[in-house]
Amino acid sequence: MSEEVYEKKLLDKFSDAVIDAFASLADKIRPGWKKRNKSRIDEWKLMAYAFNRSPPGIIGAVLIVSFIVLAIVGPYLAPFSYDLQLTFFDPDAKRAPPGTVIEIKGKLAEVLGVKPGNYTLILGADDQGRDLLSRLLYGARTSLVIAILVMAVGPWIGIILGLIAGYYGGKIDELIMRITDVFLAFPGLILAIAFSAVLPPRISVFLDNHPDVRDFFLTLFALKPQHAGPLASLLAVVVALWIVWWPGYARLVRGMTLSERENIYVEAARALGVPTRWILLRHILPNILGPILVYLTLDFGGVILTEAGLSFLGLGAVPPIADWGRIIYDGSNYFPKDWWTILYPGLAIFLTVLGFNLVGDTLRDVLDPKTRRSIEFKVKKKREG
Amino acid sequence: MAELRRFLVRRLLTFIPTLVGVTFIVFVIAAILPADPARVWAGGEKASPEVVQRLIEEYHLNDPIPVQYYFIMKKLFTNTMVSPVTHRYIWQDLMTFFPVTLQLTLVAFFFIIVIGIPLGILAALKRDSLLDTIVRIFALIGVSTPIFWLAYLLIYVFYVKLHWIVLAGTPTPPYKITGVPLIDSLLKLDFQTFAQIIKRYWLPGFVLGFAGIGVVARIVRNSFLDAYSADFTEFAMARGLTKLRIYRHVLRNAMIPVVTVLGLMFGGLLAGAPITETIFGLPGLGKYMLNAIRLFDYLALTGSVFFVGLIYLVANLIVDILYAVIDPRVRY
């Protein structure tokens, strides 16, 4: 495949550079990787080429990247802490509409570590006089950390169980799928509500016994040490979503493994005496990863949405933790007068989740080999004609 | 026909272990109680030790796990579970709260079918047109919108600005046939009550169904296109059938996967109800669950989770059976 025939735009050059950089890195770790995976690298470049041709995909990618960047640097960028009540400085800060200017001065500013001066509350303040912009920035961190914690464990329980069920079949398959059925017998949100309601006391006890784990999560969520209490209910949501988020993957992966294991390469690996674990993770999983990746992307947004919903219902984030769903819940008491406490956090959730859905939807097309072949075909036709 | 019967028997047999599993999960929820539920139920720190002791005995809180499991399941299945907080029969409570959720779900379902299916067919007929793109984007927007946010935006438009909706009260007619006022008023041809209910429910129903509309439109579009490229369609074209008649054939075949998705979605809508009910102040199952959580009434919570699980399970069973009946090719 000669690369010159493609009309490469700036974006393509960028994505090629990223892929090349990754390939060189892999080559450094395992010499010869680049040469062995030449066709794979070409295929990746073609995928990026197809992705770059999809405006929704690019919009989605921009949304995701801005969300992740804001979630990482947001807490440092925020003008105030998530729990700072500006009413200390100016009583007008309570339920201040967007654009209100408040003056910060006096000894209190020194004590609280805020620089004196005039601040414009771009997005207004909530009923406690807390700056909404700062809370939204901290809220991005909360959302991202919860979503990563959920996605790093939940789906993988399902993927591994699905691989085992599909590969072994028989009684093991039957057992795993019956258990999966039981979990699928509940609507996800209901089960999540129930577990995030009953789990916090237990997690609280666990955190008290493991101060290092507690401190780790406090840093991760960018919380002050005195807010270790509300941490338990945030982690309860994570555990509740693990419980809810694996069965779908188990069913999906089992189905794909069932058809994949019939392939000759699996038989060859088995004949060579490759351990089962290796066959599952190194042979079958990479071959079914495409559709899984699409679902993982879509569900990343789904987790953010569900978590916000739980917080809206009063589960999960407890005051004073900044969480998008919780901000809307607290603001709803003053609806419709304090519209900004509902409009902006909702917009933040919407744009973030939309980003993941746009990218997921585009990935579905890009990972479909038919799309890539049709691009090659078009290019070929163009060259000949 | 014999094959269908065998399928039904097999499907019913797998229903039983699943139900047992459901009871296990329900029990786990009840078992992860906070440290001292009896004290909380009796009124916190100031509770008298006798009352706490009585509650512990009454609800078998200190008994071995199997005894607790037996106790909870016996009470749930015989409908004799009494809430330690409200002192009411939980099953009876569920029966009064459920019709509200069901009505809400029915209205949401109505929107999904009436908007989603035609939209999907139009998108398929005008494939790759602007309309098709709009439907695709609409579907993505639908699943990305937090429904609690959408609810407030729409309340602002339709309640604060336009006054098109009533947000208080739940009309209950004086007669009772099925126990669901929406259906009862239709059966009795009592259009005044029916209109009242619709005025109260249309917006919450729309909010609840919003995400589903786009999803169903996408599925209808894709399965319509699949059926359109099938051999039988080509044959129908070769025979020179009119376009309209071809579309009728296509539609019938395209509806098969749609029915399954709609069935599964019905259960999903029931689950999505807590948020909608909270915002619109509808006294439904979801509201009941959240109230139970607020009052530390874990047995009512357990009871409602069990109830929802049961309904979901039965709904899926009906979908599977319907699927086998509609599509004669499907055999398991």
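The values are calculated or read from the model by the stated rules, or taken from the named source; none is laboratory data. Keep in mind it's a predicted model, so treat the numbers as computed, not measured. FYI the Cβ positions are ideal-geometry reconstructions off the backbone, even for glycines, and counts take in every protein chain you see. These area figures cover heavy atoms from the full protein model, side chains too; ligands, DNA and RNA do not enter into them. Shrake-Rupley method; radii C 1.70, N 1.55, O 1.52, S 1.80 Å.
What is the sum of charges around A:Pro97, taking Lys and Arg as +1, Asp and Glu as -1, for the other residues whose C-beta is under 12 Å from the C-beta of A:Pro97? Kindly include the intermediate steps, with their values, before the conclusion.
Values: positive: A:Lys94, A:Arg95, A:Lys337; negative: A:Asp92, A:Asp126, A:Asp338.
The answer is 0.
Could you sort out which of A:Lys45/A:Lys381; A:Lys370/B:Lys126; A:Lys13/B:Lys126; A:Lys94/B:Lys46 sit more than 25 Å apart by Cα distance in this structure?
Numbers: A:Lys45/A:Lys381 20 Å; A:Lys370/B:Lys126 22 Å; A:Lys13/B:Lys126 35 Å; A:Lys94/B:Lys46 36 Å.
Result: A:Lys13/B:Lys126; A:Lys94/B:Lys46 exceed 25 Å.
Of the trypsin sites (Lys or Arg not before Pro) in segment B:229-332, the ones in a loop by DSSP (not H, G, I, E or B) with at most 13 other beta carbons within 10 Å are B:Arg239, B:Arg329, B:Arg331. Over segment A:264-385, the hull volume per residue, using the convex hull of the C-alpha atoms, is 168 Å³. Over segment A:1-116, the reciprocal of the mean inverse Cα-Cα separation, the Kirkwood hydrodynamic radius, stands at 19.0 Å. Taking all Cα pairs closer than 8 Å and separated by 6 or more residues, the relative contact order of chain A comes to 22 percent.
Here is the list for segment A:281-385: trypsin sites (Lys or Arg not before Pro) lying in DSSP coil, each with at most 14 other C-beta atoms within 10 angstrom of its C-beta, are A:Lys337. How high is the FRET efficiency between B:Arg54 and B:Leu19 when r is their beta carbon distance and R₀ equals 30 Å, given to the nearest 0.05? For B:Arg54 and B:Leu19, the calculated efficiency is 0.40. Placing a label point 7 Å from the Cα of A:Gln226 along the Cα-to-Cβ direction, the residues of segment A:54-83 whose backbone N falls under 19 Å from that point are A:80-83. For the cross-link pairs B:Lys75/B:Lys199; A:Lys224/B:Lys287; A:Lys35/A:Lys378, the ones whose C-alpha atoms lie over 30 Å apart are B:Lys75/B:Lys199; A:Lys224/B:Lys287.
Qualifying trypsin sites (Lys or Arg not before Pro) in segment B:1-94, where qualification requires a DSSP coil assignment and no more than 15 other C-beta atoms within 10 Å, comprise B:Arg88.
Within the accessible area of segment A:199-255, the carbon and sulfur atoms contribute 64%, probe 1.4 Å, all protein chains present. Other residues lying with their Cβ under 11 Å from the Cβ of B:Thr14 contribute a combined charge of 0, Lys and Arg counting +1, Asp and Glu -1. Separation of segment B:151-223 and segment A:135-182, taken as the distance between their Cα centroids, equals 35 angstrom. Dividing the summed helix terms, -39500 (n - 2.57) for each DSSP H run of n ≥ 4, by the number of residues in the protein assembly as shown produces a 222 nm estimate of -24000 deg cm²/dmol to the nearest 500. Peptides A:268-279, A:93-104 ranked from most to least packed, by the mean per-residue count of other Cβ atoms within 10 Å: A:93-104, A:268-279. The modelled label-to-label distance between B:Val259 and B:Tyr70, using points 7 Å beyond Cα along the C-beta direction, is 4.5 nm.
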